[in-house]
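Where a number appears in this text, it was derived from the coordinates with a stated rule and is not lab data. Computed from a prediction, not measured in an experiment: that's the story for all the values here. Positions of Cβ are backbone-derived with ideal geometry, glycine not excepted, and every protein chain shown enters the neighbour counts.
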Amino acid sequence: MNAQDCLNKLRELRDVTFSTVSANGKPQARIIDVMLVEEGKLYFCTGRGKDFYAQLMASGDIAVTGLTRDYKMIRLNGKAKKLSDQKVWIDRIFEANPSMNGVYPGESRYILDPFCIDEGQLECFDLNVSPIERECFSFGDAKPEKKGFFIADTCIGCGTCAANCPQQAIDEGTPFVIRQRNCLHCGLCEENCPVQAIVRRGEGDAS
Ligand code: SF4
Ligand code: SF4
């Protein structure tokens, strides 16, 4: 699995959740079609009258989430950018997605504007294996980010965390080590470490 594979999965799913934040700071989610995936970029479109459009134009911050039939959750966080050459892109999108002609027949298609997500973070979270597997990637010019927990050098090696981890994702060592690809990010280890050696990374920490 790599970043392109994650983008391809989103295109295969096609109808996935696109989330933004409204002008008054409220979360907003809706199902939108992934129209194209090419060369590490994801393309979609929306009508200029929609709240979604206004939210995209305000910040471009976007989260995209889909679930495959075999229970792999694909998540994307990035920035959406409006594309120039509006008619060229809308025509390409309609060519690749002919069902759009039923929704926006004839010239009405040009009320849509094309957008691209060309950088951000991707994650594939597989709940169908034991232990679970999580793979994270950055794409475009985005720097890799780390999430979840790590164990600091103040670990005294008591083993409490490893004994209680629901995914057996902690290995012995000095200090003990969390296998990041198998970690749920549940926080049970952090809550029970007697010396507070388990540290939660902040959202969006760069690696
Ligand atoms: S519970 Fe804390 S001190 Fe004990 S092994 Fe785990 S990280 Fe180290
Ligand atoms: S956060 Fe949860 S799954 Fe991850 S290592 Fe700690 S206890 Fe295990």
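How would the stretch 149-201 be classified by its alpha-carbon gyration tensor: rounded, prolate or oblate, with rounded meaning a/c under 1.5 and the a/b versus b/c comparison settling the rest?
Values: a/c = 1.36, a/b = 1.28, b/c = 1.07.
Cα axes put the stretch 149-201 in the rounded bin.
Structural descriptor for the stretch 3-145: relative contact order 24 percent, calculated from alpha carbon pairs under 8 angstrom and at least 6 residues apart.
Rounded if a/c is under 1.5, else prolate if a/b beats b/c, else oblate: with a ≥ b ≥ c from the C-alpha gyration tensor eigenvalues square-rooted, which is the stretch 100-207? Verdict is prolate for the stretch 100-207.
Charge tally for I93 (other residues, Cβ to Cβ under 14 Å; Lys, Arg +1; Asp, Glu -1): +1. Annotation: the residues T68, T46, sorted from fewest to most other C-beta atoms within 10 Å of their own C-beta, follow the order T68, T46.
Classify the stretch 1-121 from the C-alpha gyration tensor, please: rounded if a/c falls under 1.5, else prolate or oblate depending on whether a/b exceeds b/c. In terms of gyration-tensor shape, oblate. The residue among Q4, V21, S138 whose Cα reaches farthest toward the positive pole of the charge dipole of the stretch 3-145, with charges on the beta-carbon of Lys, Arg, Asp and Glu, is V21. Cysteine residues of the chain whose Cβ has no partner cysteine Cβ closer than 4.7 Å: C6, C45, C116, C124, C136, C155, C158, C165, C183, C186, C193.
Quick one: which of K82/K147; K41/K147; K81/K146; K26/K87; K50/K147 span more than 27 angstrom between C-alpha atoms?
Going by Cα-Cα distance, K82/K147; K26/K87; K50/K147 fall outside the 27 Å limit.
Using the count of nearby Cβ atoms within 10 Å as a rough guide to exposure, how do K147, K50 rank from fewest to most?
Numbers: K147 17, K50 13.
Ranked by crowding around the Cβ, least crowded first: K50, K147.
Across the stretch 102-113, computed HN-Hα scalar couplings (Karplus, 6.51 cos²θ - 1.76 cosθ + 1.60, θ = phi - 60°) run x, 8, 10, x, x, 6, 4, 4, 7, 6, 8, 10 Hz from first to last residue, x flagging Gly and Pro.
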